[in-house]
Amino acid sequence: MKLLVNSMNNDLTAPWQIFDEAGNAVLDVRPTEQADSVALELIDQDGKHISRLSCRLSAWKPFVDVTVRSKLVGRVVRRFDLQGSSFQFDGINWHTEGDADSYDFGIFNHEYKVAEVALQAFEETDCIQLDVANKRNLLPAICMLLTVELIMIAEQRKTS
């Protein structure tokens, strides 16, 4: 299943939607920003709260806690090694491979590729395409993509 997600472009004030490949809204994303943290609320089309992603912007090493239906399911952190960096979703043991900074990466579990992420340039805006192989991995893959972007925003804000 392919989804289109508007890039946050460092704007954590306006809500936006995630669309399927037919152009139908799948989820609403509502950001809230406080002095030292930001959260994204994922709301389904029936108005039900699905997930919350919360990031402490002032943390030495930014991380995102992922909550699904009021239950903490894991934490996403950026890890650095000799090959570069990757994002790890502790709790479900997923990680990224590729260039997350340019939105050209895969999301993997310990056995196979769960999803592929690619930047799609359109006339009005840039969108991130999320191609998820199995529908049951859809919500965690969306959470992984959005947390990667939140962590990169937090890192940019620390250096500026």
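Mind listing just one residue for me: the one in segment 61-88 that is in a strand (DSSP E or B) and of a type in the set (Lys, Arg) and, of those, nearest to residue 44 (Cα to Cα)? Among those that are in a strand (DSSP E or B) and of a type in the set (Lys, Arg), it is 71.
Has segment 123-144 got any residue that is free of Cβ contacts under 8 Å to residues at least 60 places away in the same chain, in a strand (DSSP E or B) and small (Gly, Ala, Ser)? No, segment 123-144 has no match at all. Of all residues in segment 106-132, those satisfying the criterion of being modelled with pLDDT of 90 or more, surrounded by 14 or more Cβ atoms within 10 Å (Cβ to Cβ) and farther than 28 Å from residue 60 by Cα are 114, 115, 116, 118, 129, 130, 131, 132.
Against the condition surrounded by 17 or more Cβ atoms within 10 Å (Cβ to Cβ), in contact (Cβ under 8 Å) with a residue 40 or more places away in the chain, assigned to a strand (DSSP E or B) and in contact with a strand residue (DSSP E or B) (Cβ under 8 Å, 6 or more places away or on another chain), how does residue 19 come out, does it pass? No; evaluated as a whole, the condition is false for this residue. Step by step: first the residues of segment 1-16, then only those that are outside any loop (DSSP other than H, G, I, E, B) and among the aliphatic types (A, V, I, L, M), then the one that is farthest from residue 131 (Cα to Cα). Which residue is that? Selected residue: 5. Among the conditions (1) more than 25 Å from residue 88 (Cβ to Cβ); (2) of a type outside the set (Lys, Arg); (3) out of contact with any strand residue (DSSP E or B) (no Cβ under 7 Å at 6 or more places or on another chain), the only one that residue 25 does not satisfy is (3).
Of all residues in segment 31-60 being part of a strand (DSSP E or B) and of a type in the set (Asp, Glu), which is nearest to residue 131 (Cα to Cα)?
Looking only at segment 31-60, we keep the residues that are part of a strand (DSSP E or B), and these are 31-33, 37-44, 49-56.
If we keep only those that are of a type in the set (Asp, Glu) too, we end up with 33, 41, 44.
Values: 33: 28, 41: 21, 44: 19 Å.
The qualifying residue nearest to residue 131 (Cα to Cα) is 44.
With respect to being closer than 22 Å to residue 128 by Cα, more than 12 Å from the chain's Cα centre (by Cα), modelled with pLDDT of 90 or more and assigned to a strand (DSSP E or B), residue 28 fits the description. With (1) surrounded by fewer than 12 Cβ atoms within 10 Å (Cβ to Cβ); (2) without any contact (Cβ under 8 Å) to a residue 12 or more places away in the chain as the list, and residue 97 as the residue in question, which single condition is left unmet? The single condition residue 97 does not satisfy is (1).
Among the residues of segment 89-110, is there at least one that is at positive phi and either of a type in the set (Phe, Trp, Tyr) or in a strand (DSSP E or B) (or both)?
Just the residues of segment 89-110 that are at positive phi, to begin with: 91, 93, 98, 103.
Narrowing further to those that are either of a type in the set (Phe, Trp, Tyr) or in a strand (DSSP E or B) (or both): 98, 103.
Taking every residue of segment 89-110 in turn, at least one turns out to be at positive phi and either of a type in the set (Phe, Trp, Tyr) or in a strand (DSSP E or B) (or both).
Of all the residues in segment 71-86, those that are surrounded by 12 or more Cβ atoms within 10 Å (Cβ to Cβ) and polar (S, T, N, Q) number 2.
The values are calculated or read from the model by the stated rules, or taken from the named source; none is laboratory data. From a predicted model like this one, the values you see are computed outputs, not experimental measurements. Cβ sites come from the backbone with ideal geometry, for glycine too, and all protein chains shown count toward neighbours.
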